[in-house]
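A short write-up of the structure that comes next.
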Amino acid sequence: MKKIIFMATLTAAIFSGCSSDNPMLPENDCGNGSNGGDGNNELISPNIHATVNSPDNSQSPMTGVLEVYPCQAGTSIYFGNYINDMLTPFPGLYNLKDGSTFGTPKRALSLPIGTYNMIYWGTPKYEEPIYSNPTVTDPQITVGGDLSQQYFGLRQNIPDTTYYPVFDLVYAVKPANIGTEELNAAMKRQVAGLKVIVKNKNNGILSSSIASMTVHIGGIAEKMNLYTAAVTNQTKTVAFPLVLSTDGTQMSNATVMLFPSSVSPLFQLIVTLKNGTVKTFKQPLSSPLKANTRLTLTLTLAEIFSEEETGNFTIDNWQEESETIDIPSLN
């Protein structure tokens, strides 16, 4: 089961404080339950419901963690959230089950009556295993700040030049009238999924000479905009390991999530043998990794010999849910 850690990590990195740059607050007012929204003193904590789109674009109730960023009406300027009658930069934070709030909110929205532009980011939870070590760099949030200038980013595998996979991120933006309606968000997935399976042609035990396998996938976007979910700089390479099955017949990964890629991302399979030899197969993919799509690659491996060789394989029919690739002998 996927570990839901993204929102806790994100929250811990957000800067606290308040800003007199917020035109919805009087000068030097850090918030006391008044002068927000339409000026009404009352603070409202609305009910929240959310759904997530499937690959066929149908919607299903969301289970997972959800953050809600209230902005000034019609803008990307962050309004903030009242906690203990003080206006803070911390967004609403909720556990959802079957589309609705589950248990006591981790950090409920508390806002003056009025109209807001709500930004929603979530991490769904699934029964199917997903890569257990995703991470992102976090946006820096301040009251009165412009969320269109903030990003989620890839985190580098220091001292390597590759990057970690990201979380399963879903997103929506929608205006809301606090005090007169509940919050409803139809979330859309903004990342692509990739699963790789390597096995022998005869489905037998993999060679005992293999020490490890790693996948590198290039052309991945460096960052994703907090307000628009648009991506930029599709030049980075994400790396993740493959794990040997208990019966020794294949190596694979739980599905990794990636920011969308460039037109022809470079796929590389790096095989390290126990004698220290490194063998690499590489091939540009024929189509990009797109948001809300998942590709499963099944690679069939021929014999492995002791000398290093770089070979090639071809990936066709990108739109298919899975693809089988025959790899020539590693001579």
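The values are calculated or read from the model by the stated rules, or taken from the named source; none is laboratory data. All values derive from a computational prediction rather than experimental measurement. A quick note on method: Cβ atoms are made from the backbone with ideal geometry, for glycine too, and the neighbour counts reach across all protein chains shown. Areas reflect the complete protein model, heavy atoms only, side chains present, ligands, DNA and RNA absent. Shrake-Rupley method; radii C 1.70, N 1.55, O 1.52, S 1.80 Å.
How about segment 111-139: which of its residues are over 14 Å from M257 (Cβ atoms) and open to solvent by 20 Å² or more (accessible area, probe 1.4 Å)? Outline the logic, then answer.
Of segment 111-139, the ones over 14 Å from M257 (Cβ atoms) are 111-120, 127, 137-139.
Once the filter is applied, which keeps residues that are over 14 Å from M257 (Cβ atoms) and open to solvent by 20 Å² or more (accessible area, probe 1.4 Å), segment 111-139 yields I113, T115, E127, T137, D138.
Restricting attention to segment 144-169, the residues that are open to solvent by 20 Å² or more (accessible area, probe 1.4 Å), aliphatic (A, V, I, L, M) and at pLDDT 95 or above add up to 0. In segment 235-248, of all residues being among the aliphatic types (A, V, I, L, M) and either touching a strand residue (DSSP E or B) at 6+ places or on another chain (Cβ under 6 Å) or under 16 Å from F167 (Cβ atoms) (or both), the one that is surrounded by the fewest Cβ atoms within 10 Å (Cβ to Cβ) corresponds to L244. Taking T232, is it in a strand (DSSP E or B), surrounded by fewer than 19 Cβ atoms within 10 Å (Cβ to Cβ) and under 16 Å from the mean Cα position of the chain (by Cα)? In short, yes.
Total residues in segment 249-267 satisfying the condition of being in contact with a Pro (Cβ under 9 Å, 6 or more places away or on another chain), open to solvent by 20 Å² or more (accessible area, probe 1.4 Å) and of a type in the set (S, T, Y): the figure is 2.
When the strands (runs of 3 or more DSSP E) confined to segment 38-143 are screened for residues that are of a type in the set (V, I, T), those reaching at least 2 such residues are found at 48-53, 64-72, 114-124.
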